[in-house]
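A quick write-up on the structure given underneath.
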Amino acid sequence: MPRFKIQDFDYLEKSPTAPATLRNKLSEMLVCSTNARARVESVNPETGEYRVVLHGTIDKDESKFDDWGW
């Protein structure tokens with residue numbers, strides 16, 4: 001899996017984004033985090049619309065990912 005970098009946050013807000021592409025980038029971000037949590041702010045059962053907020057810290061120590069080939 002590629003290494004998520006601070007500069008990749010700009011990519012997350014580009015739209016439209018295919019769900020599979022967004023899933024991959026979010027997965028990279030979560031795997032490269034030292035801690036993470038999620039808060040569901042809202043869910044509309046009628047429309048299926050939702051809002052989820054992620055909060056965490058990106059691990060900036062890239063040397064630990066060198067062993068993984070990232």
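The values are calculated or read from the model by the stated rules, or taken from the named source; none is laboratory data. Not measured: the values here are computed from a predicted model. FYI the Cβ positions are ideal-geometry reconstructions off the backbone, even for glycines, and counts take in every protein chain you see.
A compact table of results
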quantity	calculated
Residues located in segment 26-60, provided they are of a type in the set (Asp, Glu), within 23 Å of Lys14 (Cβ to Cβ) and at pLDDT 95 or above	Glu41, Glu49
Segment 7-60: number of residues that are exposed (fewer than 10 other Cβ atoms within 10 Å of the Cβ), hydrophobic (A, V, I, L, M, F, W, C) and touching a Phe, Trp or Tyr at 6+ places or on another chain (Cβ under 8 Å)	1
Identity of the residue in segment 1-18, out of contact with any helix residue (DSSP H, G or I) (no Cβ under 7 Å at 6 or more places or on another chain) and assigned to a loop (DSSP other than H, G, I, E, B), that ends up farthest from Val52 (Cα to Cα)	Lys5
Pair list, Cβ under 7 Å, 6 or more apart: segment 9-35 residue within 12 Å of Ile58 (Cα to Cα), other residue surrounded by 12 or more Cβ atoms within 10 Å (Cβ to Cβ) and not hydrophobic (A, V, I, L, M, F, W, C)	Glu28/Pro2; Cys32/Arg3; Cys32/Asp59; Ser33/Gly56; Ser33/Asp59; Thr34/Asp59; Asn35/Gly56
Test: residue in segment 61-70 that is out of contact with any His (no Cβ under 8 Å at 6 or more places or on another chain), loosely packed, with under 10 Cβ neighbours inside 10 Å, modelled with pLDDT under 95 and of a type in the set (Phe, Trp, Tyr)	yes
Tally of residues being touching a strand residue (DSSP E or B) at 6+ places or on another chain (Cβ under 8 Å) and more than 26 Å from Asp61 (Cβ to Cβ) across segment 36-48	6
